[in-house]
Amino acid sequence: RLPTAVLALLAFSTLAAAAAKSAQVPFYTWLPDAMEGPTPVSALIHAATMVTAGVYLLVRTHPLLELSPAFLQLVAVMGAVTAFYAACCALFQNDLKRVLAYSTMSQLGYMFLAVGVGAYGAAVFHLVTHAFFKALLFLAAGIVIHTAHGEQDMRRLGGLSKDIPFTAFMFGVGGLALAGMFPFAGFFSKEAILHAAHEQTFLFGVGALVAVMTAFYTGRAYFMTFSGPQRVDHPHLPGGPTTLSCLILTVLSIGAGALAGPLSSFFDPTHTVEGFQIHTEINFSGIVVTVLVAASIAAAWAMYGKGQPDKLGRNVTFNNFVRTGFQVDAAYLIWANGFRDLGRLCSNGVDRLFSALLPGLVSSSFWGMGRSLTETQTGQVRHYMVSIMLSVVVLLFYALLVGGGGLI
């Protein structure tokens, strides 16, 4: 059995690796910028593959985390903080894909919260449903951007439901699943997480608040993009094959909530612990959260449903502060630049030190050695004889030591 300190180090290292892989606070700065890639790549990365690997790692290594309740609590708090932080940032984004990127980070926080409260089955369930509706949202966003000739700023979009009504419908389905509205897939997986966290008031409260915030920023993105007056001239309409994959994901975003039972059965043969049982019972708190989510969507419609100016952007200073992630990137940059400048200073100092001293030291050392050898060349035969005799004595002494006296 490994010592406790070693197990703690392994658990902490596993958590740090998973947090960096799944973009949890404070290792998240790469994720919002990753949405700069092509939309199909974003759909793959943000929905089902790379970023969710950290959650999968924690679920597979949960016995290691369970060695200390403090580690599980740390996972849960990290997930709650990440979910809330990312939801705050998503509220103030103007770039459509950036809203979805921050929503990915927030949903990953939900999954970490589920792992932290021991609801491993709920974490995997939300991972699966999230893969469907987030891929749908990114691909639908790609159609929107294609239609708008590359425009991603939601303030310059609007009224696109008249040009691409089917895409508006599919984006709406994905948005309702992301918001956790019944009967869409996201409702069941998010409800399973909140059900698992209901005994911990702080975690449940943060989870419920983030659900309401998610509904609002999702509604804001939808209404700013598809409602109000048309702002896109000569829209480039998508072809049939472009929407086929979205249609498949739309069906899954609606019906994937039924996967709770099969997933529980899938876990049964190898995992008998309680954490892998997925609870989808709808309790009173779940009903309250659902009503608040619906009210949040209604508030988003009231604020943006007719193409009104963005009210969240009135305070430009505060808007920019939150939109840039509370300037965390700038703080990291100051820290990184400080180490870079220190490295340059040390590098230049060492280079100058060696350039100034090393050549002189080497040359003077060899000059001194040469001067010493020169002084031994006196031209006197007796001096040379003494040198020869000393050399013979040294060789004989060496032979005695190495040969064990065999020469005598």
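The numbers here are math on the coordinates, done by the rules we state, and not lab data. Please read these numbers as outputs of a predicted model, since none were measured by experiment. Using ideal geometry, Cβ is built from the backbone for each residue, glycine included, and neighbour counts are taken over all protein chains shown.
For this structure, a couple of remarks:
- A crude spin-label estimate for the pair Phe397 and Ala294, with each label 7 Å from Cα along the Cβ direction, gives 10.2 nm.
- Gaussian network model of the chain, Cα within-10 Å springs - most flexible of Pro309, Pro165, Pro359: Pro359
- Against the set (i) 267; (ii) 155; (iii) 140, the structure's computed volume of the Cα convex hull per residue in Å³ falls on (i).
- Protection proxy ranking, peptides 342-349, 107-114, average beta carbon neighbours within 10 Å, highest first: 107-114, 342-349
- Straight-distance candidates among the aspartates and glutamates for linking to Lys97, with alpha-carbon spacing under 13 Å and chain neighbours fewer than 8 residues away dropped: Asp33, Glu36, Glu151, Asp153.
- Mean separation of Cα contacts under 8 Å (6+ apart) over length of the chain, as relative contact order %: 16 percent
- Out-of-range pairs (alpha-carbon distance over 20 Å; input Lys190/Lys311; Lys134/Lys190; Lys162/Lys306; Lys21/Lys134): Lys190/Lys311
- Segment Phe326-Arg60, length gained on full extension (0.36 nm per residue, minus Cα span): 92.4 nm
- At an R0 of 41 angstrom, the distance between the Cβ atoms of Ala5 and Arg155 translates into a FRET efficiency of 0.15.
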